[in-house]
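Have a look at the structure below before the remarks.
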Amino acid sequence: MKLAHPDKPERFEPLGQDHLPEHKRVAYLLAAPGLYAKAEFERAIRRAGGCVVREADLLAALEDGLAALLGDPDDAATLAIMQGHVADYRARIEAASPDEAVLLVLGVDHPIARVREIVARGHARYNELEADREFYWEARGIEAARLFVVDWENGPAPFRRGPRGVPDSLLALIPEGHRTAIGFKAGQLFQPTLAEVKNSASPSPGSSSGTPSSSEATASAIPRKGRGKRTTGNSRKSRSHA
């Protein structure tokens, strides 16, 4: 759980706006999560039909697809090369830090991108997993924006919240790439920094150590599209009156 003051929203400016002057960039104010926020967030994603797809599952399906599409002996050399690309990519993912893994998945310079294109043309199971992952991140972004956005700067319309959070009519105006980024950011809201842990810790009487430990795995479902998109439209700054 993010150990932050509930009255101090966090300002979040999605990437991909370097072409705009700072005073015209879209930024979102995200509320610090309360006690049940994480559970409510995950329930909302599941209610929408979202399910986590791990990169390891996608790679396994990718290998199955390669074997099915290139099983002819005449394709043995090509199959071996592509299997090598998958093995190299898997090794890099496993050795990468969470941030490095995100950059690797989002990147298109690794030969794995070409392998994915080939398998996606003819392997139903791989396509299903890709679709499930893309849907998960779309749902995650929508529900994160609904629950945690309490205001925006240079938003597409005057901001408001309803009984269930940001209404669908406003969520639809948020660029897809921004929603995806908000969904990714939401996971970080639940993870306190080391400084926040130290500042929030209060030892219990008689306790030998009052500093809690906290760890949470980085989301294994990482989107490969939509992040960092540039936005267009009006540049109006609004403030919440709700």
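Residues of the stretch 154-192 being of a type in the set (K, R) and under 16 Å from A44 (Cα atoms), which ones?
Answer for the stretch 154-192, where residues must be of a type in the set (K, R) and under 16 Å from A44 (Cα atoms): R164, R179.
Restricting attention to the stretch 18-45, report how many residues are touching a Phe, Trp or Tyr at 6+ places or on another chain (Cβ under 9 Å) and in a helix (DSSP H, G or I).
Keep residues of the stretch 18-45 that are touching a Phe, Trp or Tyr at 6+ places or on another chain (Cβ under 9 Å), which gives 26-33, 37-38, 41, 45.
From the residues that got through so far, the ones that are in a helix (DSSP H, G or I) too are 37-38, 41, 45.
So the answer is 4.
Determine which single condition A157 fails, assuming it passes every other condition in (1) surrounded by 15 or more Cβ atoms within 10 Å (Cβ to Cβ); (2) modelled with pLDDT of 50 or more; (3) at negative phi.
Every condition holds for A157 apart from (1).
Name the single residue, out of those in the stretch 109-137 being among the aliphatic types (A, V, I, L, M) and either in contact with an Asp or Glu (Cβ under 9 Å, 6 or more places away or on another chain) or under 26 Å from A80 (Cβ atoms) (or both), that is surrounded by the most Cβ atoms within 10 Å (Cβ to Cβ).
Once the filter is applied, the top-ranked residue is V119.
Do we have any residue at all in the stretch 108-122 that's part of a helix (DSSP H, G or I) and closer than 17 Å to E176 by Cβ? So that I can check it myself, show each step before the final result.
First pass over the stretch 108-122, keeping only residues part of a helix (DSSP H, G or I): 112-120.
Retained after the next criterion (residues that are closer than 17 Å to E176 by Cβ): none.
For the stretch 108-122, residues part of a helix (DSSP H, G or I) and closer than 17 Å to E176 by Cβ: absent.
Exactly one condition in (1) among the small types (G, A, S); (2) closer than 13 Å to Y28 by Cα; (3) within 19 Å of the chain's Cα centre (by Cα) is false for A172; which is it?
(2)
Can you name the residue in the stretch 24-49 that is more than 14 Å from F184 (Cα to Cα) and in contact with a His (Cβ under 8 Å, 6 or more places away or on another chain) and is also surrounded by the fewest Cβ atoms within 10 Å (Cβ to Cβ) among such residues?
My answer is A32.
Just wondering, is there one or more residues in the stretch 235-242 that are modelled with pLDDT under 85 and either part of a strand (DSSP E or B) or in the same structural domain as A44 (by TED's automatic domain parsing) (or both)?
Going through the stretch 235-242, the residues modelled with pLDDT under 85 turn out to be 235-242.
So of that shortlist, the ones also either part of a strand (DSSP E or B) or in the same structural domain as A44 (by TED's automatic domain parsing) (or both) come out as 236.
Yes.
Which ones in the stretch 155-171 are touching a residue at least 24 places away in the same chain (Cβ under 8 Å), among the hydrophobic types (A, V, I, L, M, F, W, C) and in a loop (DSSP other than H, G, I, E, B)?
A157, F159
Among what's in the stretch 24-39 and is out of contact with any Ser or Thr (no Cβ under 8 Å at 6 or more places or on another chain) and either over 16 Å from I182 (Cα atoms) or not assigned by TED's automatic domain parsing to the domain that holds F148 (or both), pick the residue that is modelled with the highest pLDDT.
Here the residue is A39.
The values are calculated or read from the model by the stated rules, or taken from the named source; none is laboratory data. Model, not experiment: these values are computed from the prediction. Using ideal geometry, Cβ is built from the backbone for each residue, glycine included, and neighbour counts are taken over all protein chains shown.
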